[in-house]
Amino acid sequence: MKQAELVIDIGSRNTTVCSRGVGVLIHEPTVAAISNRGGKMALVQAGRQAERLAAVKQADFQILNPVKEGTIFHERAAALMYREFIRRAVPYRIFKPKIKVIACVSCGIGNMDKRTIERVLLKAGADEVTIIESPLAVFEGMERREGAFVIDIGASKSEIAVCDENGIIAGCSLNIGGDAINNAIVDYVVDVYRCKIRMSGAEDVKRQIVNMYEGDRSPIVVNTESLHGEDRARIKLTAAELREPVGRLIDKIVEVAFNMSAQIPESIAMDICNGGITLCGGTAYMPGLADYIERKLEIPVYVPDMPETAAAMGALGFYRDKERLASFINVENL
Ligand SMILES: Nc1ncnc2c1ncn2[C@@H]1O[C@H](COP(=O)(O)OP(=O)(O)OP(=O)(O)O)[C@@H](O)[C@H]1O
Ligand SMILES: [Mg+2]
């Protein structure tokens, strides 16, 4: 029987599906459009197409984000969405191949949440599921090294971990990511300009001007609503004024990473000093962020080419190196 070997990154904002031999097949929003007729849930669309449907007014379906903070928030919708992603990644006509899935998850979730992810992926069509914490997947994707210091800043979480050949030596997951940055921009506008911008507006502001370079005054004009939602006005925001509210969140991540750096064992300290910190996750695209963290921690910081898919691509390596995967998840024969 044919078999397919997939990696699925269980992201709160984006789902990445990679396959051995091909690489990234799907990188789409973790969104499902779900209809519910007579108590029977059905998938209308998944991913980018589902996100587009959010604009449809008076629709007979709901737009759901089935993953929140790295855990499955809506089991049925998640199963339908992942089923669609797996179907797109492994198209077949008659005989279903055996589908193996390595799922990359946040290192802050508990065993119950891991079991839920496993159950959902099995329902979605996987025949075998192995759960791995994201920093280990990023580590696996690096050139062979003794140890790694990984900071993965996604949408809802930051994973900060020191890994060696035995697994994660010290790791934690903070509820700070791109969404918290967007919230900080929204709150700043309320506090300073006494008006509101939408989360989608904050996302645009972030991607267009927010950076961690000192003194950058790039401006952007945004539409706002009054606090009561009636009047509309346009305001000009600059990168310089947003640096403080955004920097406060980044500094929390830096502080945790700093404390963690004290836990790097001597055996891999040299390797980490030379190899540096690997900064990944979509937020790693923020200009100046890597330099800022590097200055604060005095350890070189590198961003891989595609930081948002680094974990999923890294985990593909486990299909070549099953022993290493088995040792990371404490299983003797995988
Ligand atoms: N150019 C950019 N500047 C700043 N942030 C960006 C940029 N591009 C993407 N992002 C942010 O990256 C985040 C998405 O990253 P990613 O796909 O790694 O998240 P995720 O894996 O789905 O989330 P999580 O790991 O928290 O579950 C979003 O918050 C998005 O705003
Ligand atoms: Mg992620």
For Lys322, placing the label point 7 angstrom along Cα-to-beta-carbon and taking the stretch 100-129, residues whose amide nitrogen sits under 20 Å are 100-104, 122, 126-129
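Calculate how many DSSP beta bridges within the chain are antiparallel, expressed in % of all such bridges and rounded to the nearest 5. Write down the numbers at each step before the final one.
On the way: 46 of 65 bridges.
The answer is about 70 percent antiparallel.
So how much slack lies between Tyr285 and Lys2, counting 0.36 nm per residue of separation and subtracting their Cα-Cα distance, in nm? Intermediate values should be presented prior to the final figure.
Working: separation 283, 0.36 × 283 = 101.88 nm, distance 3.80 nm.
Difference between extended and current length: 98.1 nm.
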Zone reached by a paramagnetic label modelled 7 Å from Arg234 Cα along Cα→Cβ, restricted to the stretch 201-227 with backbone N below 20 Å, covers 201-210, 217-227
Proximal lysine pairs in the stretch 117-272, meaning Cα under 23 Å and 8 or more positions apart or interchain, come to 6
The whole-number value in µm²/s of the Stokes-Einstein translational diffusion coefficient for the stretch 178-243, with Rh from the Kirkwood sum over alpha carbon pairs at 20 °C and 1.002 mPa s, is 182
Between the modelled labels at Asp204 and Arg37 (7 Å from Cα along Cα→Cβ) the distance in nm is 3.6
Rounded to the nearest 500, the 222 nm mean residue ellipticity computed for the chain from DSSP H runs (n ≥ 4, each -39500 (n - 2.57)) alone is -11000 deg cm²/dmol
Shape descriptor, the stretch 221-297: equivalent ellipsoid semi-axes (Cα gyration tensor, sqrt 5λ, whole Å, largest first) stand at 38, 12, 10
Computed over the Cα atoms of the stretch 3-126, the Rg and Dmax in Å are 14.2, 43
Taking 0.36 nm per residue of separation between Lys68 and Ser267 and subtracting their Cα-Cα distance, the length gained on full extension comes to 68.0 nm
The extension gain from Ala54 to Asn330, computed as 0.36 nm times the residue separation minus the Cα-Cα distance, is 95.1 nm
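For the chain, what does the convex hull of the Cα positions come to per residue, in cubic angstrom?
Working: hull volume 48.8 nm³, N = 334.
Given the Cα convex hull of the chain, per-residue volume reads 146 Å³.
Give, in whole angstrom and from largest to smallest, the semi-axes √(5λ) of the equivalent ellipsoid of the stretch 49-120, with λ running over the eigenvalues of the Cα gyration tensor.
On the way: eigenvalues 109, 88, 18 Å².
Output for the stretch 49-120: semi-axes of 23, 21, 9 Å.
Just so you know, all these numbers are worked out from the coordinates, no wet-lab data involved. Because the structure is a prediction, the values reported are computed rather than measured. So basically every Cβ, Gly included, is an ideal-geometry build from the backbone, and we count neighbours across all protein chains shown.
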